[in-house]
Amino acid sequence: MDRIRIVGGRRLEGAIAISGAKNAALPLMIASLLTKDTLILDNVPRLADVSLLQRILGNHGVDIMVGGKRPGGKVDDGQTLHISAADIVDTTAPYELVSKMRASFWVLAPLLARMGEARVSMPGGCAIGTRPVDLLIMAMQRLGAAIEIDSGYVVARAPRGLKGGEIVFPKVTVSGTHTAIMAASLADGTTVIENAAREPEVADVALCLNKMGARISGAGTRRIVVEGVAKLNGARHAVLPDRIETGTYAMAVAMAGGEVLLQNTRADLLQAALDVLTRAGVAVTPTNQGIRIARNGAGLDPVEVATAPFPEFPTDLQAQLMALMTRARGTSQIVETIFENRFMHVQELVRLGARIQLQGERATIEGVERLKGAPVMATDLRASVSLVIAALAAEGETLVNRVYHLDRGFERLEEKLGRCGAAIERLSG
Ligand code: UD1
């Protein structure tokens with residue numbers, strides 16, 4: 001198994017190109033199931049999760065062609081996928097595949113909407129809490145689907161098609177909102193989705209669906225209205241920038257010190273996180289090429305932050321912020337309100353010398369003068385990158401084990417940080 005070796009203490013200088021958003025690329029690829037025509041996606045990140053979803057969609061009969069680099073193109077440009085779900089050969093998504101990546105459960109809605117039936121394995125437990133699918137099921141029931149649970153599978157049927165309806169989410173859910181939008185796009189009549197997730201990835205998927213002929217309005221607000229259409233067409237769409245990757249590198253620069261331009265990204269995608277960095281004393285300057293992040297000399301001020309749905313501070317940056325605050329001049333508080341049990345990074349940060357107390361959903365982080373490198377274990381995607389951030393400021397060598405978690409969500413991480421001067425390398429095997 002690969003490991004990443006980091007020697008801390010180097011400042012970061014230069015530029016980092018931000019990739020397309022994983023959390024938009026996955027539902028966009030899944031949306032291809034809604035049409036017989038080809039969907040072309042540009043700026044798709046090269047990630048293990050994207051490759052895995054290619055295999056999962058292949059199982060349903062979807063053909064995916066990965067475009068080569070264009071003449072003069074750079075690796076930073078992202079890849080182009082030509083996705084064709086002309087013939088769906090199987091409406092079952094088996095446990096062996098769904099258990100590897102939770103988001104693959106989302107094939108349920110488009111398969112149901114287009115084929116009138118789908119059988120998808122329940123995703124099962126996950127390292128960051130129970131993560132149920134009850135609200136996704138509720139959304140499809142509201143559109144007239146008959147749902148039963150059979151031997152660990154969710155079996156959804158709507159032999160005469162889905163019907164528009166009203167879906168009121170009792171809690172903001174990204175997966176539930178994606179499901180509702182995709183199902184409603186091919187339903188007969190109008191669907192109103194209340195308390196919808198406002199994440200930029202939801203708006204990006206809706207934008208692409210509209211290019212495919214869907215009639216969705218209000219995506220990005222709390223109330224989304226979908227007028228169902230009989231069929232959708234092909235389209236071409238570029239995946240929006242990854243705000244979590246953006247925030248992660250912003251925190252890496254804040255931790256290591258130095259000045260880096262984050263290219264191909266936009267401040268409005270993560271304003272709450274950038275505001276927190278500004279409060280901590282980091283210089284954040286949006287430019288027309290991206291976002292410039294700098295910390296020169298001065299220490300970091302502690303912050304108090306609670307994670308919450310967009311536009312608030314994202315749970316997917318909680319571990320990274322905690323790593324940063326281990327070196328603040330004072331005591332920080334971070335409250336995790338989205339996922340219970342999303343604190344697996346705490347024990348590993350403590351191994352590097354951090355002082356963190358946990359009380360339910362609240363972490364209290366007392367800043368320390370220095371961290372010291374050690375072997376650590378990545379437990380999930382965002383936790384593992386928080387260890388990389390801590391290692392950038394730790395004295396000596398840190399070895400991050402179980403790097404496959406990083407490869408799920410961060411494209412060429414060691415290359416991007418290495419080019420800016422970090423002492424980071426991948427050790428194979
Ligand atoms: C997505 C993101 C993930 C991010 C999360 C919250 C992708 C591929 N993943 O995950 O990176 O951390 O949004 O921003 O886009 N819930 C229920 N019942 C349900 C569905 C969800 O109770 O049926 C709960 C969850 O347990 C959680 C909350 O709702 O407490 C939010 O979950 P949700 O927004 O659905 O997260 P995901 O879409 O799975």
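The values are calculated or read from the model by the stated rules, or taken from the named source; none is laboratory data. These figures come from a predicted structure and were not determined experimentally. Note that we place each Cβ from the backbone using ideal geometry, even for glycine, and neighbour counts take in every protein chain shown. Only protein heavy atoms, including side chains, enter the accessible area calculation; ligands, DNA and RNA are left aside. Shrake-Rupley method; radii C 1.70, N 1.55, O 1.52, S 1.80 Å.
Quick notes on this one:
Matching residues to (1) modelled with pLDDT of 95 or more; (2) within 26 Å of Arg243 (Cβ to Cβ); (3) open to solvent by 70 Å² or more (accessible area, probe 1.4 Å):
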residue: Gln357; (1), (2), (3): yes, no, yes
residue: Glu361; (1), (2), (3): yes, yes, yes
residue: Glu366; (1), (2), (3): yes, no, yes
residue: Ala378; (1), (2), (3): no, yes, no
residue: Ala383; (1), (2), (3): no, yes, no
residue: Ser386; (1), (2), (3): yes, yes, no
residue: Leu417; (1), (2), (3): yes, yes, no
residue: Ala422; (1), (2), (3): yes, yes, no
residue: Ser428; (1), (2), (3): no, no, yes
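- Looking only at residues in the stretch 287-323 that are surrounded by fewer than 15 Cβ atoms within 10 Å (Cβ to Cβ) and assigned to a strand (DSSP E or B), the one that is nearest to the ligand (Cβ to nearest atom) is Glu304.
- For the stretch 324-349, filtering for residues that are surrounded by fewer than 23 Cβ atoms within 10 Å (Cβ to Cβ) and over 23 Å from Phe410 (Cβ atoms) leaves 8.
- Only one entry of Ala187, Ala219, Ala196 meets the criterion of being open to solvent by 30 Å² or more (accessible area, probe 1.4 Å), outside the structural domain of Glu415 (by TED's automatic domain parsing) and hydrophobic (A, V, I, L, M, F, W, C), and that entry is Ala219.
- Strands (runs of 3 or more DSSP E) wholly inside the stretch 170-250 that include at least 1 residues being within 16 Å of the ligand (Cβ to nearest atom): 190-194, 224-227
- Taking the stretch 344-379 as the range and being in a strand (DSSP E or B) and closer than 12 Å to Met325 by Cα as the test, the residues that pass are Arg355, Ile356, Ala363, Thr364, Ile365, Glu366, Leu371.
- Cβ separations smaller than 7 Å between residues 6+ apart or across chains give the following pairs from the stretch 301-318 residues that are under 16 Å from Lys171 (Cβ atoms) to residues that are β-branched (Val, Ile, Thr) and open to solvent by 30 Å² or more (accessible area, probe 1.4 Å): Ala306/Thr337; Thr307/Thr337; Thr307/Ile338; Ala308/Thr337; Pro309/Val172; Thr315/Ile338.
- The lone exception for Asp42 - which of (1) touching a Lys or Arg at 6+ places or on another chain (Cβ under 8 Å); (2) under 28 Å from Arg215 (Cα atoms); (3) buried (at least 19 other Cβ atoms within 10 Å of the Cβ); (4) not aliphatic (A, V, I, L, M) it fails: (3)
- Subset of the stretch 83-101 [buried (at least 16 other Cβ atoms within 10 Å of the Cβ) and more than 15 Å from Arg55 (Cβ to Cβ)]: Ser84, Ile88, Thr91
- The stretch 146-158, subset over 28 Å from the mean Cα position of the chain (by Cα) and part of a loop (DSSP other than H, G, I, E, B), residue surrounded by the fewest Cβ atoms within 10 Å (Cβ to Cβ): Ser151
- Screening the candidates Leu81, Leu111 for the property of being in a helix (DSSP H, G or I) and modelled with pLDDT of 90 or more yields one hit, Leu111.
- Within the option set Thr191, Thr177, Thr173, being farther than 22 Å from Pro311 by Cα, in contact with a helix residue (DSSP H, G or I) (Cβ under 8 Å, 6 or more places away or on another chain) and hydroxyl-bearing (Ser, Thr, Tyr) holds for one residue only, Thr191.
- Of note, Asn210 satisfies the criterion of being within 21 Å of Ala25 (Cβ to Cβ), more than 15 Å from the chain's Cα centre (by Cα) and of a type in the set (S, T, N, Q).
- Residue count for the stretch 159-169, restricted to those that are in a loop (DSSP other than H, G, I, E, B) and open to solvent by 10 Å² or more (accessible area, probe 1.4 Å): 5
- Annotation note: Cβ proximity below 7 Å between a residue of the stretch 195-211 that is closer than 14 Å to Val225 by Cβ and a residue that is away from the ligand (no atom under 11 Å from the Cβ) and assigned to a helix (DSSP H, G or I) (sequence gap 6+ or interchain) occurs for Ala206/Ile181; Leu209/Ala31; Leu209/Ile181; Leu209/Ser185.
- Residue list for the stretch 132-177, restricted to those being polar (S, T, N, Q) and modelled with pLDDT of 95 or more: Gln141, Thr173, Ser175, Thr177
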